[in-house]
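Enquirer: Sharing a structure here in structure tokens format.
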Amino acid sequence: MHVRVAFLIAAAALQVRCYNYLPLRRSSLVPSAYLSITLTDAGSEELGPYLGPGVLVVRGRYLGATERGMAISVSSVELARGQILEWRGETVVVPGEFVRGVEERQVAHSKAVLLAGASLVGFVLAYEAFGPGSSGAPGDNSGPRPTPH
């Protein structure tokens, strides 16, 4: 039973990173969608005081449209040098004229299946090596038993 629970937890944890970003039209945005917004050069410069210098990509949950632009709960930003900085969900409004492209994060089913299969093989091998029946397993009762007093 414990092996099944461990397998399910590990498989779920491994699948967290199994996503692809696909292009999206701004007209089809829905609140709570996880987006990756690529900024224009002007957008990177103008939003520098809010996002930090040299930010190229903003990632986070779409909160909705405002009169100034797209409100995003930011989870991370990617700098032009490729460095990724984590955020804690602060809200930033990105004006439409500063957006070069918008992509939505979607589950990559082929990656998830591959990772789940690799996880299963790893757990089976670990169970074979360390599970019940292996030498010195916790279930081994061949040693002397304490006598009751």
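Enquirer: Starting at the first residue of region 49-54, write each ³J(HN,Hα) from the Karplus equation 6.51 cos²θ - 1.76 cosθ + 1.60 with θ = phi - 60°, in whole Hz, x for Gly and Pro.
Expert: x, 9, 9, x, x, x
Enquirer: Packing-wise, with mean Cβ within 10 Å as the measure, how do 80-93, 63-76 rank, highest first?
Expert: Output ranking for 80-93, 63-76: 63-76, 80-93.
Enquirer: So for Glu97, Glu45, fewest C-beta neighbours within 10 Å to most, what's the order? Let's see the in-between values first.
Expert: On the way: Glu97 10, Glu45 14.
Arranged by neighbour count, lowest to highest, Glu97, Glu45 become Glu97, Glu45.
Enquirer: Of Ala33, Gln83, Gly52, which is farthest on the positive side of the dipole of region 19-106, counting Cα position, with +1 on Lys and Arg Cβ, -1 on Asp and Glu Cβ, and the Cα centre as origin?
Expert: Ala33
Enquirer: Here's another thing I want to ask about it. Which value, in debye to the nearest 20, gives the size of the charge dipole of region 19-106 about its Cα centre, when Lys and Arg are +1 and Asp and Glu are -1 at the Cβ?
Expert: Once rounded to the nearest 20, the dipole reads 260 debye.
Enquirer: To continue, here is another question. What spacing in nm lies between the two simple spin-label points modelled at Ser73 and Phe130, each 7 Å away from Cα in the Cβ direction?
Expert: Going from the Ser73 label point to the Phe130 one covers 3.6 nm.
Enquirer: Considering amide H positions built from the backbone, and no H for Pro or chain starts, which residues 5 or more places from Thr40, or on another chain, come under 5 Å of its amide H?
Expert: Val99, Arg100
Enquirer: Between Leu56 and residues 5 or more places away or on another chain, which pairs have amide H atoms under 5 Å apart, with H built 1.01 Å from N, and which residues are they?
Expert: Long-range HN contacts for Leu56: Glu78, Leu79, Ala80.
Enquirer: For region 19-106, calculate the relative contact order in percent as a whole number, restricting contacts to Cα pairs under 8 Å that are 6 or more residues apart.
Expert: 38
Enquirer: Under a 5 Å amide H to amide H cut-off, with H placed in plane at 1.01 Å, what residues pair with Trp87 once short-range neighbours are removed?
Expert: Amide H to amide H, under 5 Å and 5 or more residues apart or across chains, Trp87 pairs with Ser76, Val77.
Enquirer: Here's another thing I want to ask about it. Over the residues of region 19-106, compute the C-alpha Rg and express it relative to 2.2 N^0.38 Å.
Expert: Against the compact-globule rule of thumb, the ratio is 0.96.
Enquirer: Place a point 7 Å from Cα of Leu85 in the direction of its Cβ. Which residues in region 42-57 have their backbone N less than 15 Å from it?
Expert: 44-57
Enquirer: In addition: Just to check I understand the Karplus step: with θ = phi - 60° and J = 6.51 cos²θ - 1.76 cosθ + 1.60, what whole-Hz values come out for region 73-79, glycine and proline as x?
Expert: Coupling constants for region 73-79: 8, 6, 9, 6, 10, 10, 7 Hz.
Enquirer: Pop out the ³J(HN,Hα) list for region 98-104 in order, Karplus 6.51 cos²θ - 1.76 cosθ + 1.60 with θ = phi - 60°, rounded to Hz; leave Gly and Pro as x.
Expert: Taking θ as phi minus 60°, the curve returns 9, 9, 7, x, 10, 10, 9 Hz for region 98-104.
Read-outs throughout are calculated quantities, based only on the coordinates presented, and are distinct from any laboratory measurement. Remember, it's a predicted structure, so these values are computed and weren't measured experimentally. Cβ coordinates were reconstructed from backbone atoms using ideal geometry, including for glycine residues, and neighbour counts include every protein chain displayed.
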